[in-house]
Amino acid sequence: MSERRFNELRGEDVVYAVHRQDRTFLPSADYCPLCPTRPCHPPTEIPFRSFEIVVFDNLFPTFEAPQGAAEVVVYTDDHYGSFATLAPERAEALMWVWRERYEELAARADVEYVLIFENRGVEVGTTLHHPHGQIYGFPFEPPVIGLERKADARLGGCATCTLLERELASAERVVHANEAVVAYVPFAARWPYETHVVLREHRASLAECTADELERLSSALQHVTRGFDELFARPFPYVMVLHQAPSDGRRAGHLHVEFYPPLRTADKLKYLAGCEQGAGTFIMDVLPEASANALRGAIANVS
Amino acid sequence: MAALPPDPPEPAHEPDEQPLERFGPLVLRRLVKEDGRSLISFSWTGRNAGGKS
C-alpha cells in the first residue's frame, strides 16, 4: 500500500509507492507481460491466446482499493506498434473502453478523480514497449485539476471553452480539426510540441460524449500522434493525459486531451531544470506558432 | 455387463462460457486472476472477448 504525505512548502501531496521500485523494466518481446499467453510459454498478465483490448489491475499499483485504483489498458495483442498505428476501429473502441472505466471508477466512493494517460517512450519513463496506457483512480483530487478550476474562475466560465474560442479565432496554432474536435498548440505551451485536443462542445467527461464525438476524438488523436511520428521521422515520445470532470458529481471540467512531448529537436530533449523545478517557470526554445506550423505540416503529410 | 460410470460434471464456468456484459458497442468479460486482481476483456467485434483465437 502506498503512503501519502503532504508537502507543506509545495502545498501538494506526494505518494510513496516503494513497491514499484522492482516493477518489470523494459523486458524483451519474448518476456513481455502484456502479450497474450502462448502455449508452452510462461503465463503473461493476460491468460488468453488473443484479445482485442484488455484492462487489468496493475501488479505494481500506485493506488489500490480501498484508497483508489491503478489499472493497465492494453490496446492490442500485437506487441509492436503504437496508438498511432492502431486500426481506426480499434482506436474508436478504446474511447469506449476509457469511457466504461471512467464511469465505473468515478462511481467508487474511494475515487475522487479518474486520470487516464499514456506514457510513450523511454524518454518519459515507459517501462513496457507493448502499446498500452494506464488509469489511476485518485483517492484525492490532484492539484492540476484545482488549477483548471481556478482558471475557470479567472476567466469567468469554462476556461477550456474560452481558450478554444481564442484558438479558433486566431487559427494560428490549430494543427488539426474535424466536426467535433480541434487540436492546437496552446498559446502558452510549456513543451515544444505540447498539443491540446479539445471537444468543440462542452462535455464534462467521456460519459457525456455522443458516439459520433468519440469516433471523431479517436480520429483526431490518431492524426496528432501520426503527425508526431512524422515530425522527426522517428517514434515520438509523449505523455498523453485525458482531462475530465472530477468524480464527485460536479460538472466542472471540459473533456480534452493534453500531450506533453519532451523532444525539442529530433535528438534533443527539453529538460525540467533549475528554472522549471526551482522557480516553476518554463523556459522555451521555440514559439508555439512555429511548432504548430511544423506539426500542422507533418499531420497533413500523413493524412 | 457393468454400468458405465457417469460422465464427469461439467465445470461450472468454462472460460468462454462466463456471462458477458455489454457497454455501448463493446462486449465485456470480467475475470478474477489467481492473485485476486481483476481483468476485463473488451471486444467490439463480439468475436473475441478473450480466450478464443
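We did not get these values from a lab; they are worked out from the coordinates using the rules stated. Predicted model only: the values in this text are computed from it and were never measured. Every residue, glycine among them, receives a Cβ derived from its backbone with ideal geometry; neighbour counts consider all protein chains shown.
Quick rundown of the values:
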| quantity | calculated |
| --- | --- |
| Chain A: most fluctuating residue of A:Phe56, A:Phe282, A:Phe140 per GNM, C-alpha cutoff 10 Å | A:Phe282 |
| Calculated from backbone phi, Karplus (6.51, -1.76, 1.60) coupling profile of the stretch A:63-70 in Hz, x at Gly/Pro | 10, 8, 4, x, 10, x, 8, 9 |
| Rg/Rh ratio calculated on Cα atoms of the stretch A:13-83 (Kirkwood radius) | 1.00 |
| Inter-centroid distance (Cα atoms) of the stretch A:28-77 relative to the stretch A:186-204, Å | 31 |
| Intensity falloff of the stretch A:148-194 expressed as log10 I(q)/I(0), Debye formula with alpha-carbon point scatterers, at q = 0.19, 0.24, 0.27 Å⁻¹ | -0.65, -0.94, -1.06 |
| Segments A:65-78, A:141-154 sorted - mean Cβ within 10 Å per residue, highest first | A:65-78, A:141-154 |
| Stokes-Einstein D in µm²/s, Kirkwood radius over Cα pairs - the protein assembly as shown at 25 °C with 0.890 mPa s viscosity | 113 |
| Cβ-isolated cysteines (cut-off 4.7 Å), chain A | A:Cys40, A:Cys209, A:Cys275 |
| Karplus (6.51, -1.76, 1.60) ³J(HN,Hα), θ = phi - 60°, over the stretch A:152-165, in Hz, Gly and Pro reported as x | 4, 5, 5, 9, x, x, 5, 5, 5, 4, 4, 5, 4, 4 |
| Charge context of A:Phe259, other residues only, Cβ under 12 angstrom, K/R +1, D/E -1 | -1 |
| Net charge of neighbours whose Cβ lies under 11 Å from the Cβ of A:Gly280, counting Lys and Arg as +1 and Asp and Glu as -1 | +1 |
| GNM flexibility winner over chain A from A:Leu242, A:Leu272, A:Leu128 (Cα, springs under 10 Å) | A:Leu272 |
| Cleavage-rule hits, GluC sites (Glu not before Pro), the stretch A:180-263, DSSP coil, Cβ neighbours within 10 Å at most 15 | A:Glu201 |
| Scaled radius of gyration (Cα, divided by 2.2 N^0.38 Å) that the stretch A:211-280 gives | 1.44 |
| Chymotrypsin sites (Phe, Trp or Tyr not before Pro) restricted to the stretch A:214-279 and DSSP loop, no more than 12 other C-beta within 10 Å | A:Tyr271 |
